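Before any comments, here is the structure.
Since every read-out is calculated from the coordinates, none of them should be taken as a lab result. Quick caveat, the model's predicted, so the values are computed rather than measured. We place every Cβ from the backbone using ideal geometry, glycine too, and count neighbours over all the protein chains shown.
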Number of protein chains: 2
Amino acid sequence: MKSETLKLENQICFKIYTAEREITKLYRELLKELNVTYPQYLVLLLLWEKHSLSVKELGQRLFLDSGTLTPMLKRMEMNGLVERKRSEQDERSVIVSVTEKGNALKEKAECIPSQLVDNIPMGKEELSTLNETLTSMLEQLQNHSK
Amino acid sequence: MKSETLKLENQICFKIYTAEREITKLYRELLKELNVTYPQYLVLLLLWEKHSLSVKELGQRLFLDSGTLTPMLKRMEMNGLVERKRSEQDERSVIVSVTEKGNALKEKAECIPSQLVDNIPMGKEELSTLNETLTSMLEQLQNHSK
DNA sequence: AGTTATTTAGTTGTACACAATTTAATTTTA
DNA sequence: TAAAATTAAATTGTGTACAACTAAATAACT
């Protein structure tokens, strides 16, 4: 019937689908204390670096559109983590910046990467191979969807 | 632990998160003709093999709980793809079986794996390495979440 | 047997994710 | 420069995910 490659391919997609949910589940635990979700944590990671970014820029970095970001950023604003303000140079654009409260979470978040590693112990070699594979896979996928 | 490794883990998690969405997006296109979503397609894959499974068994295979499955299966039932019926041996259990209409989609779906591979060209070697890595990663993750 | 514990689906509420559409602001171009 | 095209967010509607809870059936135990 089907070639092995095709079958394997299916398994890999399912495994990525499953891994994503398991990783999110793990982050949920680690982030519980911060009272943020994983996507919100990703926004914070960016804002801890750059302090403020437009919705568009956040979307470009996270590959999310306004349909996802707008409500999420509103929730974060409601929780006092970020501020949203129309740009004065370009009124179409909305600038999101991290508040003091949002910045304060950075300290609490310091330990998260190491806790993560504790739960997914992998060799250095394996890690970088996986990283490269995912990178090229993502390139293929994102090339296509554009 | 070196900060290099910590950062890499974080990046890998983000890439898996992103890859999952890109893969789902690709499937969305491929499955548009069948009028099913990727998770629904996964259910069909199982039912094409086994004809009927309980909600519990579906959940065990897909790592999804009734909170996700029940509404999804109801949508599939509404679309005429599956049937849901209480088991007579055990009234707690609900048996989901594929209908003729659901089975008819199998033919249309045959071409999907190869179309998928066309969009993610990867070497056999790389593919099986990725598969192994994800498998062990999943084991770690699922062990932990118990 | 009768009570307690466990199991199985379903329900409720929250939070993404994204397609499709809308609105308003800015660019482009005719 | 006025009209057309483009851009940036927001909105609307659908479909997962999952935690927490409920209800009903079955199993286990005294």
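Screening the candidates A:79, A:119, A:103 for the property of being over 17 Å from the mean Cα position of the chain (by Cα) and within 16 Å of DNA strand C (Cβ to nearest atom) yields one hit, A:79.
Criterion applied to A:24, A:37, A:99 was being touching a strand residue (DSSP E or B) at 6+ places or on another chain (Cβ under 7 Å) and closer than 22 Å to residue A:109 by Cβ, and the one residue passing it is A:99. In segment A:71-86, which residue that is within 10 Å of DNA strand D (Cβ to nearest atom) and exposed (fewer than 13 other Cβ atoms within 10 Å of the Cβ) is nearest to the other protein chains (Cβ to nearest Cβ)? It comes out as A:71.
In segment B:91-115, the residues that are in contact (Cβ under 8 Å) with a residue 60 or more places away in the chain reach residues that are not aliphatic (A, V, I, L, M) with C-beta atoms within less than 6 angstrom, at least six apart or across chains, in these pairs: B:106/B:48. Checking each residue in segment B:87-113 for being surrounded by fewer than 14 Cβ atoms within 10 Å (Cβ to Cβ) and among the hydroxyl-bearing types (Ser, Thr, Tyr) picks out only B:87. Looking only at segment B:46-66, filter to residues that are away from DNA strand C (no atom under 13 Å from the Cβ) and touching a residue at least 12 places away in the same chain (Cβ under 8 Å); which one of those is farthest from the other protein chains (Cβ to nearest Cβ)? Restricting to residues being away from DNA strand C (no atom under 13 Å from the Cβ) and touching a residue at least 12 places away in the same chain (Cβ under 8 Å), the top hit is B:51.
All conditions but one from (1) more than 17 Å from residue B:46 (Cβ to Cβ); (2) more than 8 Å from DNA strand C (Cβ to nearest atom) apply to residue B:98; the one that does not is (1). Residues of segment A:116-146 that are touching a residue at least 24 places away in the same chain (Cβ under 8 Å) and out of contact with any Cys (no Cβ under 9 Å at 6 or more places or on another chain): A:119, A:142.
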